[in-house]
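Q: Structure incoming, see below.
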Amino acid sequence: MAAPVLHSDILDTLGAEIADGALARGDVLTLAGLERRFGVSRTVVREAMRILESLGMVHAKRRVGLTVQPSSSWSLLDPQVIAWRLAGSDRAQQLRSLTQLRVALEPVAARLAAAGDSEAGARLVPLARRLRELGEARQGASAEYLEADIEFHSLLLSCGGNELFAALAGSVAEVLSGRTRLGMTPARPAARPLHDHEGLAEAVAAGDPVSAEDHARSMVESVWAEIAGSAESDTAGPDAAGPDTARLGAAGSDAAGTGR
């Protein structure tokens, strides 16, 4: 017996199709048509479309249906939207945009963290140490490394007292998760980002805003350099090695690469 189709299944399917352009701006969906396509009740369809509308991806109009909206209307920093865009064909541009955001955001967050509550440093230091241990053990692509990395960056964004930075923690977490899903996280991270994680954490603990900002900038700029450098190979075409590109495939191997 086939498993029932849930509203989350419909949501993921349609969200990914809109994000990738398979459902283009101006396309109109109807509840009746979606009921037939997915073989579910109108209640299930309505719930999925309600969420897509809340994300700005469709707009409902009486007697018309649900019209796909341009990307300028989407909640681009919502983790679901980030995940759908990273799964699509325009993932390279999405990674570049998100990494540029991190370059602008995380150094300032580090400065604020170091100028604020020193208890944050006491929590960041063991996380940075754990990242180094896992990286040196060639576990940089593991779920354990990802979990520690997300906790590190989420804490960094939330501990400086800026509620807007804290609100972006989920977005940055999805970027880190997306890099892992795409095979861009090396099993053996390069020494420099691991050093910067530790240096940043120690600077926050010591209440040194300048050093914290410098280490954070070095850390995210190393990721930006990798993303910018992979732009050409990310459009190499179907004969490139690996599931997405030659570089993405290589990044998930034992070859040393940047951290997060």
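Q: Residue by residue through the range 40-49, note down the ones that are assigned to a helix (DSSP H, G or I) and of a type outside the set (S, T, N, Q). Working first, answer last.
A: Let us first name the residues in the range 40-49 that are assigned to a helix (DSSP H, G or I), namely 42-49.
Once the filter is applied, which keeps residues that are assigned to a helix (DSSP H, G or I) and of a type outside the set (S, T, N, Q), the range 40-49 yields 42, 44, 45, 46, 47, 48, 49.
Q: Separate question: Residue 54 versus (1) within 30 Å of residue 225 (Cα to Cα); (2) under 23 Å from the mean Cα position of the chain (by Cα); (3) not charged (D, E, K, R): which is the lone unmet condition?
A: Of (1) within 30 Å of residue 225 (Cα to Cα); (2) under 23 Å from the mean Cα position of the chain (by Cα); (3) not charged (D, E, K, R), only one is false for residue 54: (1).
Quick grid of which residues meet (1) assigned to a helix (DSSP H, G or I); (2) under 21 Å from residue 182 (Cβ atoms); (3) assigned by TED's automatic domain parsing to the domain that holds residue 164; (4) at pLDDT 95 or above:
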| position | (1), (2), (3), (4) |
| --- | --- |
| 51 | yes, no, no, yes |
| 56 | no, no, no, yes |
| 59 | no, no, no, yes |
| 67 | no, no, no, yes |
| 89 | no, yes, yes, no |
| 94 | yes, yes, yes, no |
| 98 | yes, yes, yes, no |
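Q: Kindly list, by first and then second residue, each pair from a residue in the range 22-47 that is aliphatic (A, V, I, L, M) to a residue that is loosely packed, with under 12 Cβ neighbours inside 10 Å and in a loop (DSSP other than H, G, I, E, B), limited to pairs with Cβ atoms under 7 Å and residues at least 6 apart or on different chains.
A: Short answer, once both residue conditions are applied: 28/64.
Q: I would also like to ask the following. Output the residues belonging to the range 57-97 that are more than 13 Å from the chain's Cα centre (by Cα) and among the hydroxyl-bearing types (Ser, Thr, Tyr).
A: Listed by number, the residues that qualify are 67, 71, 72, 73, 75, 89.
Q: Do we find a residue being at positive phi, assigned by TED's automatic domain parsing to the domain that holds residue 88, touching a Gly at 6+ places or on another chain (Cβ under 7 Å) and surrounded by fewer than 22 Cβ atoms within 10 Å (Cβ to Cβ) anywhere in the range 195-205? Break it down into steps so the answer makes sense when it comes.
A: We begin by selecting, within the range 195-205, every residue at positive phi; these are none.
No, the range 195-205 contains no residue that is at positive phi, assigned by TED's automatic domain parsing to the domain that holds residue 88, touching a Gly at 6+ places or on another chain (Cβ under 7 Å) and surrounded by fewer than 22 Cβ atoms within 10 Å (Cβ to Cβ).
Q: Just one of 138, 111 is among the basic types (Lys, Arg), touching an Asp or Glu at 6+ places or on another chain (Cβ under 7 Å), more than 17 Å from residue 198 (Cβ to Cβ) and surrounded by 17 or more Cβ atoms within 10 Å (Cβ to Cβ); which is it? Walk me through how you get there before you give the answer.
A: Numbers: 138 fails: surrounded by 17 or more Cβ atoms within 10 Å (Cβ to Cβ).
Just a single option satisfies the conditions, and that option is 111.
Q: Now for a separate question. Please list, ordered by first then second residue, the pairs with beta carbon atoms under 8 Å, 6 or more apart or interchain, first in the range 149-176 and assigned by TED's automatic domain parsing to the domain that holds residue 97 and in a helix (DSSP H, G or I), second buried (at least 19 other Cβ atoms within 10 Å of the Cβ) and of a type in the set (Phe, Trp, Tyr).
A: 157/165; 158/165
Q: A further question on this structure: Considering only the range 81-132, state which residues are more than 18 Å from residue 206 (Cβ to Cβ), among the small types (Gly, Ala, Ser) and in contact (Cβ under 8 Å) with a residue 40 or more places away in the chain.
A: 83, 87, 88, 89, 92
The values are calculated or read from the model by the stated rules, or taken from the named source; none is laboratory data. If you're wondering where the values come from, they're calculated on a predicted model, not measured in any experiment. Don't worry about glycine lacking a Cβ; one is built from the backbone with ideal geometry, like all the others, and counts go over all protein chains shown.
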